[in-house]
1. Would you mind checking K174/K258; K211/K258; K169/K221; K211/K251; K84/K197 for any pair whose Cα atoms are more than 25 angstrom apart?
2. In whole percent, and with a 1.4 Å probe on the protein chains, what portion of the accessible area of the chain is carbon and sulfur?
3. Sticking with the crude label model, points 7 Å out along Cα→Cβ, report the distance from N207 to Q115 in nm, one decimal please.
4. Using the Cα centre of region 61-217 as the reference point, and only Cβ charges (+1 on K/R, -1 on D/E), how large is the resulting charge dipole? Debye, rounded to the nearest 20.
5. Go through region 9-15 residue by residue and turn each phi into a ³J(HN,Hα) via Karplus (6.51, -1.76, 1.60, θ = phi - 60°); whole Hz please, and just put x for glycine and proline.
6. Loop only by DSSP, 11 or fewer other Cβ within 10 Å of the Cβ. Give me the trypsin sites (Lys or Arg not before Pro) in region 39-101 that pass, ordered by residue number.
7. Residue-wise, which Karplus ³J(HN,Hα) couplings in Hz belong to region 91-96, taking 6.51 cos²θ - 1.76 cosθ + 1.60, θ = phi - 60°, and x for glycine or proline?
8. Counting other Cβ atoms within 10 Å of each Cβ, which chymotrypsin sites (Phe, Trp or Tyr not before Pro) in region 1-101 have at most 16 and sit in a DSSP loop?
Amino acid sequence: MRVIRSIKLMQKWALHALSQGQTIGFVPTMGALHEGHLSLIKQCRRENDFVVVSIFVNPKQFSINEDFSRYPRQERKDQSLAKKAQTDVLFCPSVEEMYPRDYLTVINIPRISEQLCGKSRPGHFQGVATVVLKLIHIVIPDILYLGQKDAQQVLVIRQMINDLNCPIKIKQCKTMRASDGLALSSRNSYLTETQRKEAVILFQSLNQSKKMILEGERDIKKMIHITSEAIQTKTSGRVDYIEFLDADTFKPLTNNFKNILITIAVYFGKTRLIDNIILRSR
Ligand code: AMP
């Protein structure tokens, strides 16, 4: 596995691979790799000639009062995990090279960036879209691998790729979970022992909502109320949102209740956890 830090070198490597007719699969991450990231890398490995993984804690997607400086960083361990998963290139650019002093450009995808996580994290998806577009121009991949856990991120990036005619495919990979159901996340390491135990309520709430829908419940307000009440009474968690939306457009559900995204965000202390499930009718 090669570790590349320079943008120029990364581009040169990618252009050479493409000139040889090889395909490049790309997994962008912020590091602190866990089984969720590794599942993306493994799928990428199966489907491409080359696997590029990036590790870049992107300051532009954190607001001033968020956790940029304390976000977990473990480059040595990440290198060994990425190598074990048969990554060809680990791209680790510096903040200074990604955003030099005279840097100006921002990618804004309105409306879909402003709902759900965008409400409590204004500017977050601008930061995400901006860095992903930069990384796409640097790594020049054929396929981009993204996790369903960050479903809104996938929606925003898909919109950008379509709008800007980027010749790239997106693969959305399923969410990897701990044995109790909690979605794996680098931010789980912030949780106290008690919060960690309580955090399983996110997945339980999603399953409870799914059950209500499968049993024929169609009153979304009622389902949101029941779920929020359960979280608030059983745990120390503070609900940011629970929503039932069309899984493809993230618009309010129409009457047919076909492809449904149930999505949730809950604060435990300062730590904000997200999760979602998608119900697709055949
Ligand atoms: P992050 O390092 O948190 O920016 O995540 C990098 C990529 O890994 C994103 O596409 C995430 O959606 C994906 N990812 C994060 N957690 C999981 C998980 N538990 N299962 C599958 N993919 C995940």
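1. Values: K174/K258 19 Å; K211/K258 15 Å; K169/K221 36 Å; K211/K251 22 Å; K84/K197 30 Å.
In this structure, K169/K221; K84/K197 exceed 25 Å between Cα atoms.
2. Values: 7230 of 14420 Å².
Carbon with sulfur: 50 percent of the solvent-accessible area.
3. That separation, rounded to one decimal, is 2.7 nm.
4. Details: 22 positive and 17 negative charges, 76 e Å.
Rounded to the nearest 20 debye, it is 360 debye.
5. Once rounded to whole Hz, the list reads 5, 4, 4, 4, 4, 5, 4.
6. Details: sites: K42, R45, R46, K60, R70, R73, R76, K77, K83, K84, R101; in loops: R70, R73, R101.
In loop regions of region 39-101 (DSSP not H, G, I, E or B), the sparsely surrounded trypsin sites (Lys or Arg not before Pro) are R70, R101.
7. 3J(HN,Hα) across region 91-96, in whole Hz: 9, 10, x, 8, 4, 5.
8. On the way: sites: W13, F26, F50, F56, F62, F68, F91; in loops: F56, F62, F68.
In loop regions of region 1-101 (DSSP not H, G, I, E or B), the sparsely surrounded chymotrypsin sites (Phe, Trp or Tyr not before Pro) are F68.
The values are calculated or read from the model by the stated rules, or taken from the named source; none is laboratory data. Since the structure is predicted, the reported quantities are computational estimates derived from the model, not experimental observations. Using ideal geometry, Cβ is built from the backbone for each residue, glycine included, and neighbour counts are taken over all protein chains shown. Note: areas computed on protein heavy atoms with side chains; ligands, DNA, RNA excluded. Shrake-Rupley method; radii C 1.70, N 1.55, O 1.52, S 1.80 Å.
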